[in-house]
Structures are given as structure tokens and as C-alpha cells.
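What follows is a short report on a single structure.
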Amino acid sequence: MPIDRCICHKITFEELLHIAREKGLKTVEELQTENLGSTQCKLCEPYLRKMLETGQVSFPFGKY
Ligand code: FES
């Protein structure tokens, strides 16, 4: 099963990327400030960084 969402915030990376682009958010810290993702267990944080860098929204399990 790929990693494609912030489980704590119940939101997919695809949805997060869409919102980030709409709002002009470029860093994980900005997503966190807006309380959109990665404010609880933070396991999704490295994936969100990669998502913002590359636009990738689905990651093979155990890759990062
Ligand atoms: S999975 Fe994103 S904060 Fe827990």
C-alpha cells in the first residue's frame, strides 16, 4: 500500500498539494501553520517535504 495521505488529518497528499498550490504554501511549516497536515504524529512530514519539492503525491512504502 503506498503512502499517500496524512492519516492524522485525514487528508490525501493530492488534496494537500492542491490546497498548498491554491494558497501559495511552499513549506511544510506553512502547511502546519495553516493546520492542514503534519501537526500531530508528523510521520508524514518527510513525504510532505518531497511532495512540495517534486509534486509527487504517492510514495512506495518504506522509501523515505
Ligand atoms: S500522519 Fe500526518 S501528522 Fe500524523
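The values are calculated or read from the model by the stated rules, or taken from the named source; none is laboratory data. Fair warning: this is a prediction, and the values are worked out from it, not measured in the lab. Every residue, glycine as well, gets a Cβ built from its backbone with ideal geometry; the counts of neighbours run over all protein chains shown. We work out accessible area using only protein heavy atoms, side chains counted, and drop any ligands, DNA or RNA first. Shrake-Rupley method; radii C 1.70, N 1.55, O 1.52, S 1.80 Å.
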Those residues of region 24-56 that are surrounded by 19 or more Cβ atoms within 10 Å (Cβ to Cβ) and either in a helix (DSSP H, G or I) or among the hydrophobic types (A, V, I, L, M, F, W, C) (or both) come to a total of 9
Would you check which residues across region 1-36 are among the hydroxyl-bearing types (Ser, Thr, Tyr) and either within 13 Å of the ligand (Cβ to nearest atom) or closer than 16 Å to LYS50 by Cα (or both) and list them?
THR12, THR27
Under 6 Å by Cβ, and 6 or more places apart or on different chains, what pairs join a residue from region 42-55 that is free of Cβ contacts under 8 Å to residues at least 24 places away in the same chain with one that is polar (S, T, N, Q) and near the ligand (Cβ under 7 Å from one of its atoms)?
GLU45/SER38
In region 37-63, what residues are near the ligand (Cβ under 9 Å from one of its atoms) and of a type in the set (Lys, Arg)?
LYS42
Could you list, in sequence order, all residues of region 1-15 that are open to solvent by less than 80 Å² (accessible area, probe 1.4 Å), of a type in the set (A, V, I, L, M) and out of contact with any helix residue (DSSP H, G or I) (no Cβ under 7 Å at 6 or more places or on another chain)?
ILE11
